[in-house]
Each structure stands twice: as C-alpha cells, then as structure tokens.
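Right, one structure below, let's go through it.
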C-alpha cells in the first residue's frame, strides 16, 4: 500500500522510527474503565472560560472583546486552546476591521508565526494608518527579529505625546549602545497608567540585568510580579536571576510543579538539578518530547526552549548550538544572543557564534551577562 | 477595546516568549491489518465537553456516569465527524465500549470503532471533522498501519482527510528507505569508518612489514570485515529490538576507545595480528552505536525485523563501498617500504589522537 497527499509521511529516512516514537510516546495506551459512575475522570476549566468562547458576541465590538478576552486568558493561564477559540471568533469578523487584524497578528505572534504576524499588522495599518497597537506590535516584532533600526523607526509613528512612544523607543536604543541613557530616560518617565508602569518596570529590570545590576533587577522583577502575579515572563526572568544567584530553593518556591509554560518549567528543572533533587532528567526529556510533538502537530518553532534544555539540562552543547543557531535566524533578543554565544562556547564551536559577534559589534550591544560565564541565559 | 491591556504590554515586551504549547489534539490509530478497518479514537474530554456539554451538573468535574449518560450523543458526534470510505463506498464505523485514557497528558475518551466493511482493495479515505468548529487550531495525529508500513498524518481544518491507495506494496519502499539510512549512517559516522580503516591499514602487510600478496590482503580484509559485520549485526539487532539497552553516552565513549585500541595496536603491535578478533569484539560496541538511531521502532515484530534488515544491509553496503575504495589505495601505498615504517604508524598516531579527543569530548 502507498499513501498519497494529503498524507504527510514522516521524512528523513532513519529519523522515521525516532520521530514516530516521539509522536507515539503519548499513545502508549493505559486505557481503563473507571470503577464507578461517580469517578471523576476529568477536571474541566471554569465555565466562565468556556462560556466566553461559546457565547462570542453578535456585534463586531462584542466579538472583538470576546476574542481579546480569549487571548488574555491564553496569556494568563498558558492554555493555547484559548488562542484557537479567539481565532474562531475572529473568523466571523469583517476583513475591514483593523482591530481584528491586530488580534490575528497577536495570535500569529504567540505561535511564533512571525511572517503571518507582519502581514496581519500590515493589513491593519493599511486599513488604519497609525493604529496604535499595530504600530507598537510591529516595532516589538522587528525588535525580536533583531531589526533594531527599523524597530526604532517604527516607534516614531506614534505621537510624541504618547508615553508608549518612549516605552517603545528607549528599550530599543538600550540595545543599540545607549543602555545607560535608556535606563535614565525610562526612570524619568512620568507614567500614571498601571499597565504602562509595569511595562516600564519590566524593561528596566531587563536593562539592569544587562548592566550587571542583578540585585536591582531582582527587586524590579519582584515588584512587577507583585503588580501582576500572572506575569509569567517576569516570573521566568526572576527565576533566571535567582538561579544565577545560586538560589535554586527560591526558584522552586516561585514556580509550582506542572507549570504550563515551558520557560518556567525549564527554570524549575534547573533548580531541581542544582539541588540534586528529583527526577529532573526524565522530566526534561519528557518536555523535549512534548515540544517536538507540538512542533510536528502545529508547525510551531521552539528551538529556543529546546536549545536551553539541551544546554542546561541534557548536557548536549553541540545539539544546543545547532538549535540556538536555528533560533537565531528568527529571534535575536538578549536571551537568544546569550544562548547561542554560550552554547557555541561550550560546544567549542566558535564559528557558530560568529553572527552573534557581528550583531553585538554592529549594535554596540552591552550585556554583562554575556561574558559572565553564567549558564542561565 | 481598551487602550492598553495587560496582555498586550506583555506581548510587546516579550513578543516571542514561549507560551504553553499544549494546544488541543486528538490521536487516531487506523489499523488495516485485519479483515476490516479498525479505528482507535482518543479525544480529550475537555474538547468533547466543549461541544457536547457533558458536564451536566455544571460542577466542572466530569464524572464517568455523566459521560455514560451521553454515550449515544458522543457516538453520534464521532460517527458524524469521522467518515470512512473504502473502495468508493461509505464504511460505517461501529463504536465499542468507551474507556478513559490520556492524550498528551490530558484525560481523553478512548474508543475503538470497527469498520463494517472489508479492508480496502484499492482506496481508502478518512475524513476528520471533530472539534474544528470550536477550535480551528485543533489537530489530530493519525497513525495508519498496514502490513509493515506505518504512516503518520496530521489532520487539520486545511487538510482534514487521509487518502490511502493500495497497490504496489510499500514494504519494499520502507526496506529501501531503511537501507539508505544505514548507508548514510556509516558514511557520516566517522568513528565507525575510522575504526574499520585503522584495522585495514595493516591488512595489506605481512608480519615482516612487506606488502602482502593481493590474495592475502584480500583474505585479511574479508576476515576483518566479516568479523565486524557479524558482531555489529548481532548487537544492532538486539539493541534495536530493545533486548539490550545501554546508555548512549557510554556506547559512544566505548566506540572512541575501540578506535584508540586499534590505533595503538597498529603502532605497538601489542595484540599482534589479531585484527579480526579486534573487529569481532569491538564490533559489538559499534552495533550498539548503530542501534541508537533505531531505538523505539514502531510496528509489530515483523515490520521491525524488516526495517532492521534494511538498515543493516545499508550499513554493510556502505561499509563495502568504503572497503572497495580504501583497499586498492592502501595496497598501492604498501608497495613502498615507507608505508610500514612511516605511513602506518603516523596514520595510526593521528587516528589515536583523534580518538583521544573523542574520548575526552564524550566523557566531559
């Protein structure tokens, strides 16, 4: 028998059994018949979350709000299903809604589909030039992709009086050789809006890390987390800071077991390893399998997380270097810079980090952590 | 929409930060080995609840009794969302008794569905349309087994259908694919190649250091290659089938040690001309190395053996190709007295240094 399109046969000769094994690792059946009718077989998410999807509003505004609510739920809970529900809600919206295209861009961005995100933002901006969120998001994407000059330029599309313009502009300048002035500028910003303040403090915390002020950075991450306990990224950066400070026990208090965020889970496993506790290695291997499965099923890219696992948990710097180099083609944030640099260093493959060197030199990028020899990115 | 949502500023600050990656997915296994097609369906209960509202008391804790109470509704939904056509005719899927399992760590409904038709003579198609209406990012992983062939397919709203055409058996295709993999593996496996070539270096000489006759060189080579083949085939088979299971790192270090031993023997002659014995002993370790890439082969024993045979044959063919190229070169070089005095020891020293580097690299 032979299969035909749209069958997607596994490719890669010898990798066929290996990848199938990964995919099938979840299918090893342990099916059972519950003992009684009262046996609870599944804990379901709160009805509110479910209802908000089903009862997506009828007016465009209500639908936009419903989609936005789902995206925020995804952000808060780490549950990607909500992005699917938001996508469904947005399907019924008019193609002439700039807001809808911005939300579609956010979904694409969360799924690491950057090209699609750019296209969606371009649609939004063509419908509504200067759309604030579209401009901000486009600048953020350019920044992620390492196109720093274009990112900074994008920020200037915002009105001078808008405090978000400074929040957009200065962190990018901080990546382009103006770390100290950028920190000063952000500190001097007079911001009343709570969300914007959290944004500012997060940026400042990240800059303090690069400036070598670990204690100040830690205080800021903690304060951001106090302001928004669901801020998973602040939690992860705080965990990394604590790991660098040799405080794995504090990391375990910060991150509960079974976190749905791979970045948090990796930090937790690093802490377990540092303490010599628990079965961190099989957990790390299981996480790799899940990320690879997700990559296969959804076409998402997770090289950053996979590289970090290989480097800090599975002691395979050569594999980490290959993954980090692949990640570098799309993502050039500070942690991507450090990840590739360190992986290449540990794998004794200096040529692999040559691009990083060029990037650092071209942008006069400053980062105390880059040369500190710390493993935690 | 509000001016600036919390989620948006997080998105702006960390646009590429990894999310939870566990979106909705179902798993299907289509077995075409019996008299009629059999489909195993595993769908997360959370997704089914979204569609069918299984949690009738609304306490967000789904009980077995609640699921059983709506069994007919579930079966209807599955039958509507899974359409099997065999040789151009619809094939009814009859559901068996439900059970509970897990998909990617989430509780899932586990149900076998037996096709009420014969296995396909020509064509089969399976249309999947579950959950997509609620969540367009939902995916189903379908694994189809027919004879020694196992294929995986990702079903999505854009590609919701499996199409399967019978005809020329793909068992041969699979065999050839594994054979190619075996050849590829020996050619990219510098440690395997270096071990073999190091053993072959003295095969073109006699004890006095003079060049051996062509027939003698060929006999020495055949002995070494045969010994290496026998032993690595044995451990490759045992390891690939899961009988032996050693840590990959340990095996890699042992392989590097085998190269070092072969090189040292060439220089010092401490083991004499027992090159075939070395090949036999260390071939066992190299077989384990080959098997690393085959570990976890899916399918039944027959298909595993078939894949294994293909892979092993590929290794042998790849190895033979190397020998065919290397032997005349070595034999030509051995014509000069410098071969025994300089080329052999210098080459072996170089190999030894490389192997020491590997040992250090794989140990640290």
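How do the peptides A:79-89, B:113-123, B:69-79 rank, highest first, by the average count of neighbouring beta carbon atoms within 10 Å per residue? Walk me through the numbers on the way to the answer.
Numbers: A:79-89: 25.0, B:113-123: 16.9, B:69-79: 15.4.
Sorting A:79-89, B:113-123, B:69-79 by mean packing, highest first, produces A:79-89, B:113-123, B:69-79.
Go through B:325-338, B:39-52 and give me the packing order, highest mean Cβ count within 10 Å leading.
Values: B:325-338: 15.3, B:39-52: 21.8.
Output ranking for B:325-338, B:39-52: B:39-52, B:325-338.
Taking R0 as 45 Å, what FRET efficiency do you get between residue A:253 and residue B:305 from their Cβ-Cβ distance, rounded to the nearest 0.05?
Working: r = 52 Å, r/R0 = 1.15.
Once rounded, the FRET efficiency stands at 0.30.
Quick check: from the Cα gyration tensor, does chain A come out rounded (a/c under 1.5), prolate or oblate? Intermediate results must be reported in sequence, preceding the final value.
Numbers: a/c = 1.42, a/b = 1.09, b/c = 1.31.
Taking the square roots of the gyration eigenvalues as a ≥ b ≥ c, chain A is rounded.
What percent do you get for the relative contact order of chain A when only Cα pairs under 8 Å and 6+ apart count? List each step's numbers first, then the result.
Working: 436 pairs, mean separation 41.9, N = 377.
Worked out over chain A, it gives 11 percent.
How much length would be gained if the chain were fully extended between residue A:318 and residue A:222, taking 0.36 nm per residue of separation minus their Cα-Cα distance, in nm to one decimal? If you can, show how the numbers build up before the last one.
Numbers: separation 96, 0.36 × 96 = 34.56 nm, distance 3.43 nm.
Difference between extended and current length: 31.1 nm.
Given a Förster distance of 41 angstrom, what is the FRET efficiency for residue B:274 paired with residue B:184, based on the Cβ-Cβ distance and rounded to 0.05?
Numbers: r = 31 Å, r/R0 = 0.76.
It comes out at approximately 0.85.
By count of other Cβ within 10 Å, fewest leading, how are A:77, A:58, B:235 ordered?
On the way: A:77 18, A:58 9, B:235 22.
Going from least to most buried by this count: A:58, A:77, B:235.
Ranked highest first by the average count of other Cβ atoms within 10 Å around their residues, in what order do A:287-295, B:269-277, A:339-347 fall? Don't skip to the end; give the middle numbers.
Details: A:287-295: 19.2, B:269-277: 14.0, A:339-347: 23.9.
Final packing ranking: A:339-347, A:287-295, B:269-277.
Taking only Cα atoms, what is the 0 to 90° angle, nearest 10, from helix B:301-333's long axis to the longest principal axis of chain B?
30 degrees
What is the mean number of Cβ atoms from other protein chains located within 10 Å of the Cβ atom of each residue in peptide B:60-69, rounded to a whole number?
On the way: counts 9, 5, 6, 8, 10, 6, 5, 5, 2, 1.
Other-chain Cβ atoms within 10 Å of each residue's Cβ, averaged: 6.
How shielded is A:82-89 by partner chains, expressed as the average number of their Cβ atoms within 10 Å of its Cβ atoms? The partial results should precede the final answer.
Working: counts 4, 6, 10, 6, 2, 3, 7, 0.
For this peptide, the per-residue mean of nearby foreign Cβ atoms is 5.
Starting from the coordinates of the alpha-carbon atoms of the stretch A:71-216, obtain the Kirkwood hydrodynamic radius over all distinct pairs and give the value in Å to one decimal.
Numbers: mean 1/r = 0.0614 Å⁻¹.
For the stretch A:71-216, the Kirkwood estimate is 16.3 Å.
Which whole-number percentage describes the relative contact order of chain B, with Cα contacts under 8 Å and a sequence gap of 6 or more?
On the way: 561 pairs, mean separation 61.8, N = 364.
Value for chain B: 17 percent.
Which shape class, rounded, prolate or oblate, goes with the stretch B:15-111 when its Cα gyration tensor gives a ≥ b ≥ c as root eigenvalues, a/c under 1.5 marks rounded, and past that a/b bigger than b/c marks prolate?
On the way: a/c = 2.20, a/b = 1.33, b/c = 1.66.
In terms of gyration-tensor shape, oblate.
Using a 7 Å offset from the Cα along the Cα-to-Cβ direction at both residue B:346 and residue A:277, what is the distance between the two label points in nm, to one decimal?
For residue B:346 paired with residue A:277, the spin-label model returns 6.0 nm.
Please state the Cα pair-distance histogram of the stretch A:198-322 with 5 angstrom bins from zero: what percent is in each bin?
So the P(r) values, bin by bin, are 2, 11, 20, 20, 20, 15, 10, 2, 0.
Helix B:275-291 versus the longest principal axis of chain B: what is the Cα-based angle in degrees, 0 to 90, to the nearest 10?
With both axes taken from Cα atoms, the answer is about 20 degrees.
Would you kindly calculate the mean projected area, averaged across all directions, of the convex hull enclosing the Cα atoms of the stretch A:132-191, in square nanometres? Intermediate values should be presented prior to the final figure.
On the way: hull surface 15.0 nm².
Result: 3.7 nm².
Can you give the angle from 0 to 90° between the axis of helix B:248-268 and the longest principal axis of chain B, with both taken from C-alpha atoms, to the nearest 10?
Once rounded, one gets 10 degrees.
In whole percent, what relative contact order does the stretch B:90-194 give with Cα contacts below 8 Å and a gap of six or more residues? It would help to have the intermediate numbers written out before the result.
Details: 109 pairs, mean separation 20.2, N = 105.
Computed value for the stretch B:90-194: 19 percent relative contact order.
The stretch A:54-107 to the stretch A:319-365: how many Å between their Cα centroids?
35 Å
How crowded by other chains is B:97-107, given as the mean number of beta carbons from other chains within 10 Å of each beta carbon? Spell out each step's value before the answer.
Numbers: counts 1, 3, 7, 8, 7, 7, 2, 8, 4, 2, 5.
Average neighbour count from other chains, rounded to a whole number: 5.
Using label points projected 7 Å from each Cα along Cα→Cβ, tell me how many nm separate residue B:357 and residue B:324, to one decimal.
That separation, rounded to one decimal, is 3.1 nm.
State the percent of C-alpha pairs, over all pairs in the protein assembly as shown, separated by a distance greater than 52 angstrom. Before the final figure, lay out the partial values.
Details: 62856 of 274170 pairs.
Tail of P(r) above 52 Å: 23 percent of Cα pairs.
No lab work stands behind these numbers, since they all come straight from the coordinates. Since the structure is predicted, the reported quantities are computational estimates derived from the model, not experimental observations. For neighbour counting, all protein chains shown are included, and Cβ atoms are generated from backbone atoms with ideal geometry for every residue, glycine included.
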